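Q: Can you keep this structure in mind? I'll have questions shortly.
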Amino acid sequence: MASRIGIFVVFVAVFLSLSSFSSAQDLQIVNAERRIDLSSHIVKAFLTLKVENIGKNPVAEMLLAFPPTQIKHLAMVQALAITGKKKKKTYLPLDVKPTEQADAPNDTGYFSVSFVSPLGPGETVTLEVLYILTHSLEPFPVEITQSESQLVYYRDSAVILSPYHIKQQATIVKTPSTRVESFTSIEPANRAGKEIKYGPYENRAPYSYSPVIIHFENNSPFAVVEELVREIEISHWGSLQITENYKLTHGGARHKGVFSRVDYQSKRSASGASSFNALLAVLPPRVNSVYYRDDIGNISTSHLRTGFRKSELEFEPRYPLFGGWRATFIIGYRVPLEDYLFEAPDGRRYLNFTFGCPLVETIVNKLTVKVVLPEGSKDPSAVLPFTVNQDLQVKYSYLDIVGRTVVVLQKDNVVPTHNVPFQVYYTFKPIYMLAEPLMLVSAFFFVFVASLAYVHIDLNIAKK
Amino acid sequence: MAAKPIASPIPVLMYPTLSVFTLAIGLVITAIFFIYEATSSRKNCSLGKELATATGFGSLFLLLASGVYV
């Protein structure tokens with residue numbers, strides 16, 4: 001295995017020396033430090049890169065490379081430019097876009113980061129990159145009993161994969177507990193407590209890759225929502241009604257054998273170490289009429305704490321969730337309209353709400369957000385800081401004639417860092433609000449006219 | 001971007017109060033209408049419009065107060 005990787009690296013180096021990557025020759029990474037946090041099932045990696053321009057032309061952007069196995073599970077990539085010294089550090093967010101390179105070795109995926117201003121020859125810049133991986137911890141053993149702890153594999157490379165030459169680099173991996181069954185050792189590598197340090201490595205060629213596998217214990221709750229449909233209904237009479245349909249699973253090692261309730265309740269610390277029974281949802285501050293139910297009916301195991309900045313709903317499904325078990329439920333709540341609906345300077349109205357799932361530390365495989373606009377709204381458009389699939393539908397609800405326009409936003413692989421505000425713009429003439437009371441008025445009017453007519457109609461056949 | 005929050009045209013806190021008052025007025029006028037109609041035999045369209053309006057708005061506020069939020 002190692003010899004094959006070695007041959008692959010040599011082949012790539014030869015191939016690279018023959019072809020010419022203009023960007024790879026211009027930039028060089030002087031120092032790279034990577035910190036990977038494996039404490040929960042959402043893997044967070046922080047890369048601090050010091051990039052130097054060794055070419056003759058100013059360079060406006062740089063590439064970040066990811067192996068094909070990681071590209072599929074990448075939920076978010078963010079980059080910040082750090083300027084200033086220790087006390088006066090300023091962080092500027094940078095634009096990160098996925099790109100394709102025509103001559104990518106072995107299906108490597110790329111993201112291009114645009115600098116604040118083009119980097120001149122001889123200049124250096126320090127960047128901090130955060131990327132989040134989902135579904136990257138593979139449970140091994142695949143099935144565990146109730147009394148066993150959960151052990152997982154994490155596969156990555158000790159050497160950071162990059163299209164540029166890296167002069168000096170180190171990788172520090174943080175595990176949730178001190179129990180690490182094994183880890184691939186690529187000299188120099190050592191482990192101290194909850195940290196495994198790979199490095200420092202000097203002078204690695206572009207696209208060098210040394211795969212490592214870390215086998216460790218992770219009992220954090222692997223809460224995965226397979227499908228979440230959030231419906232936000234806007235009513236200009238004063239409220240926003242949000243209904244969320246969840247399909248929750250435990251994404252860790254599958255449970256095998258029997259479930260002993262006696263063991264679970266009497267020896268809670270030794271039994272079902274990787275299971276979870278409570279979840280926390282963070283809701284907006286002024287929330288009212290919260291309900292939590294499923295197909296059977298209302299679920300009463302929940303606690304709501306309202307506050308000034310946020311409200312917290314701590315709820316428990318009807319049973320604790322072990323590996324591979326599922327739970328389906330609905331959470332609904334209402335918030336006042338004036339917190340979220342605004343009028344833009346050009347006369348259009350817009351809704352400002354948070355995208356993403358309110359559950360903490362949860363991955364959503366498929367998220368659908370439906371914003372139901374009131375009847376009579378025209379020209380809907382959505383503005384988001386990341387890419388989603390947009391669609392339009394029609395929904396028929398109370399007192400509707402033509403139906404309500406629904407803006408459907410769909411995104412896969414959503415993590416809690418996606419809980420940022422988004423806007424939906426639309427135009428609405430206030431006179432349309434009068435349509436609803438007029439409908440009710442005309443209904444009652446017809447009832448009375450009908451009663452008048454009934455009283456005065458003569459249906460006798462014989463003439464009096 | 002200066003943002004002006006949009007709220008309901010009528011204060012939300014007053015929905016239950018308004019619904020009680022408008023429904024009461026509507027029911028009173030409905031009662032007058034039916035008694036008037038039963039005692040006399042003349043067509044009276046204009047009175048019908050009045051009480052339809054009162055009952056209509058009353059039922060709207062009743063719906064809103066109970067949380068249906070049309």
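The values are calculated or read from the model by the stated rules, or taken from the named source; none is laboratory data. For clarity, every value in this text was computed on a predicted model and none was experimentally measured. Cβ coordinates were reconstructed from backbone atoms using ideal geometry, including for glycine residues, and neighbour counts include every protein chain displayed.
Q: Give me the strands (runs of 3 or more DSSP E) completely within region A:50-162, filtered to those with at least 3 residues that are touching a Ser or Thr at 6+ places or on another chain (Cβ under 9 Å), ordered by residue number.
A: Result: A:59-66, A:74-83, A:90-99, A:109-119, A:124-133, A:151-157.
Q: Given the conditions (1) within 19 Å of A:F422 (Cα to Cα); (2) away from chain B (no Cβ under 14 Å); (3) among the β-branched types (V, I, T), which single one is not true for A:V335?
A: Evaluating A:V335 over (1) within 19 Å of A:F422 (Cα to Cα); (2) away from chain B (no Cβ under 14 Å); (3) among the β-branched types (V, I, T) leaves (2) as the failure.
Q: Follow-up. Can you pull out the residues in region B:8-28 that are surrounded by 16 or more Cβ atoms within 10 Å (Cβ to Cβ) and either within 11 Å of chain A (Cβ to nearest Cβ) or touching a residue at least 60 places away in the same chain (Cβ under 8 Å) (or both)?
A: Within region B:8-28, B:S8, B:V12, B:Y15, B:T22, B:G26 meet the criteria.
Every residue, every condition in (1) on the phi > 0 side of the Ramachandran plot; (2) loosely packed, with under 15 Cβ neighbours inside 10 Å; (3) not assigned by the TED database to the domain that holds A:T387, yes or no:
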| position | (1), (2), (3) |
| --- | --- |
| A:V77 | no, no, yes |
| A:D103 | no, yes, yes |
| A:G122 | yes, yes, yes |
| A:Y131 | no, no, yes |
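Q: Still on this structure, I have one more. Quick one: what pairs do we get from region A:341-369, first residue closer than 20 Å to A:E244 by Cβ, second among the small types (G, A, S) and part of a strand (DSSP E or B), C-beta under 7 Å, 6+ apart or different chains?
A: A:P358/A:A281; A:L359/A:A223; A:L359/A:A281; A:E361/A:A223; A:T362/A:A223
Q: OK, next. Give the residue, chosen from A:L283, A:L313, A:L321, that is under 19 Å from A:T354 (Cα atoms) and in contact with a Phe, Trp or Tyr (Cβ under 7 Å, 6 or more places away or on another chain).
A: That would be A:L283, the only listed residue that is under 19 Å from A:T354 (Cα atoms) and in contact with a Phe, Trp or Tyr (Cβ under 7 Å, 6 or more places away or on another chain).
Q: Any idea how many residues of region A:271-293 are more than 19 Å from A:L240 (Cα to Cα) and either touching a Ser or Thr at 6+ places or on another chain (Cβ under 6 Å) or of a type in the set (A, V, I, L, M, F, W, C) (or both)?
A: Selection size over region A:271-293: 6.
Q: If I ask for residues that are charged (D, E, K, R) and assigned to a loop (DSSP other than H, G, I, E, B), which ones from region A:364-418 would you list?
A: Listed by number, the residues that qualify are A:E375, A:D400.
Q: Out of A:S397, A:S381, A:S377, report the one residue that is away from every other protein chain (no Cβ under 14 Å), over 25 Å from A:S136 (Cβ atoms) and among the small types (G, A, S).
A: Matching residue, one of A:S397, A:S381, A:S377: A:S381.
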